[in-house]
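The values are calculated or read from the model by the stated rules, or taken from the named source; none is laboratory data. Not measured: the values here are computed from a predicted model. Heads up, the Cβs are rebuilt from the backbone with ideal geometry, glycines too, and the neighbour counts pull from every protein chain shown. The protein model used for the area step is the full one, side chains on, heavy atoms only, and it has no ligands, DNA or RNA in it. Shrake-Rupley method; radii C 1.70, N 1.55, O 1.52, S 1.80 Å.
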Amino acid sequence: MSAVVIGVGMVPFATPRMSRPYDEMAEDAIRTALTDATVPLEAVQQVYASYVYGDSTCGQRALYRVGATGVPVINLNNNCSSGSSGLFLARQAVESGAADCVLAFGFEQMKRGALVSQWPDRPDPLDRFTDVATEAQGTHEDVPLAAQFFGGAGQHYADRYGTTPDTFAKISVKARQHAAGNPYAIFRDAVTVEEVLGSGDVFGPLTRLQCCPPSCGAAAVVIASAEYAERMGVADRAVTIRAQSMTTDTESSFDPEDLTRLVGYDMTARAAREVYDSAGVGPEDIPVVELHDCFTANELISYEALGLTAPGTAEQFVQDGLNTYGGRVVTNPSGGLLSKGHPLGATGLAQCTELVWQLRGEAEERQVQGARLALQHNIGLGGAAVVTLYER
């Protein structure tokens, strides 16, 4: 039984200083998605709520603002891939026949500043990752841990292939250019390569404007069976989930000689291969991608992990403008995590929302003309990677 997206919704993302409470943002996203799907909450048979920073049953708190219908509500925390993990479970529930109509929503009300552990009195799930990074590049207590991981991965890549700093910076420039057409994005003002490079060093090739900010927001998606969509008269606007794969780390992730693996290269490459094989398509068939650009380094690395360009060619891919409008594939038309924002629990569902709009032809200034396939890539350290292929 095939699963289709029949409704999407999100709220404009915001900085922590400008954020509303998480339950209000989630309510708005849920109501928008249900309206878009033209189904009432009572039609939903299962609910998956994703977030990282919040107490248990925050999902119920948010959902009950819309209604309390007694159906199962499952709360998810899978780091930055929480939203797409909810999408993965919703798709499974529909394809298995366990439910005809499922809601997945995600939200985050983040604090200002770098991400930190909330439970320092017990084993840290990223201890092994930290040990590998420390072995590879030493300890840097004044640098946020995520920046050490991804900045170190970018430096390893640059050392291997001779990638220049301006290549990384151009990814931030492109993100702002795309976000200018997205009313949901936080950072919509243009920046230059010189401004990006001069914004203050963080770690490795990364400067401040190459790091996604703490963000707040919410997004929601309604998944249904194709038969249900037909029965409800919404099949003409439905977007099919043609293939999807979720992977976690293998021992290859913990190689101090290659920090690109530590931040998810192998997980991503394996998930992408499984999706392409399942769908019978190749990366050359994909015109639009929303990928996990938490840092410019990870966007660069992900081009190759997803097969969008051959190993060692990502710099030329960027320099030739093949990653934007008029190029081979438009990456992050929304502005991505760098410019749209990265409220962790909402990110995967916001990526889905953008791609559904693209495939429906509803992306306005950001529209990739003629797109019939779209690829989504969302990762979380610790770790999980979800790659999803959509078709219209």
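Just need a number here: residues in segment 230-244 that are open to solvent by 40 Å² or more (accessible area, probe 1.4 Å) and in contact with a strand residue (DSSP E or B) (Cβ under 6 Å, 6 or more places away or on another chain). Of the residues in that region, 2 qualify. Within segment 96-128, the only residue that satisfies the criterion of being surrounded by 23 or more Cβ atoms within 10 Å (Cβ to Cβ) and charged (D, E, K, R) is Glu108.
Please verify whether Asp131 is farther than 17 Å from Cys294 by Cβ, open to solvent by 10 Å² or more (accessible area, probe 1.4 Å), free of Cβ contacts under 8 Å to residues at least 40 places away in the same chain and not in a loop (DSSP other than H, G, I, E, B), treating the condition exactly as stated.
Working: farther than 17 Å from Cys294 by Cβ: yes; open to solvent by 10 Å² or more (accessible area, probe 1.4 Å): yes; free of Cβ contacts under 8 Å to residues at least 40 places away in the same chain: yes; not in a loop (DSSP other than H, G, I, E, B): yes.
Here the answer is yes, as Asp131 does meet what is asked.
Among the residues of segment 87-95, is there at least one that is part of a helix (DSSP H, G or I), open to solvent by less than 40 Å² (accessible area, probe 1.4 Å), within 20 Å of Thr207 (Cα to Cα) and not β-branched (Val, Ile, Thr)? Within segment 87-95, not a single residue is part of a helix (DSSP H, G or I), open to solvent by less than 40 Å² (accessible area, probe 1.4 Å), within 20 Å of Thr207 (Cα to Cα) and not β-branched (Val, Ile, Thr). Counted as qualifying within segment 232-323 are the helices (runs of 4 or more DSSP H) with 3 or more residues that are in contact with a Gly (Cβ under 9 Å, 6 or more places away or on another chain), namely 259-262, 265-279, 296-305. Restricting attention to segment 331-381, the residues that are open to solvent by 10 Å² or more (accessible area, probe 1.4 Å), among the hydrophobic types (A, V, I, L, M, F, W, C) and outside any helix (DSSP H, G or I) total 3.
Being open to solvent by 30 Å² or more (accessible area, probe 1.4 Å) and either farther than 15 Å from Gly380 by Cα or of a type outside the set (A, V, I, L, M, F, W, C) (or both) is the filter here, so list the residues in segment 134-153 that pass it. The answer is Thr134, Glu135, Ala136, Gln137, Thr139, His140, Glu141, Asp142, Pro144. If you check Glu284, Glu315, Glu274 for being under 22 Å from Ala158 (Cβ atoms) and open to solvent by 10 Å² or more (accessible area, probe 1.4 Å), only one passes: Glu315. Among the criteria (1) touching a residue at least 60 places away in the same chain (Cβ under 8 Å); (2) part of a loop (DSSP other than H, G, I, E, B), the one Gly9 does not fulfil is (2). So which residues in segment 33-48 are open to solvent by 20 Å² or more (accessible area, probe 1.4 Å) and touching a residue at least 24 places away in the same chain (Cβ under 8 Å), if there are any at all? Across segment 33-48, the qualifying residues are Thr35, Asp36, Thr38, Glu42, Ala43, Gln45, Gln46, Tyr48.
Yes/no matrix, rows are residues, columns are (1) outside any helix (DSSP H, G or I); (2) over 20 Å from Val356 (Cβ atoms); (3) acidic (Asp, Glu); (4) open to solvent by 10 Å² or more (accessible area, probe 1.4 Å):
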| site | (1), (2), (3), (4) |
| --- | --- |
| Ala175 | no, yes, no, no |
| Tyr184 | yes, no, no, yes |
| Leu209 | no, yes, no, yes |
| Val222 | yes, no, no, no |
| Tyr228 | no, no, no, yes |
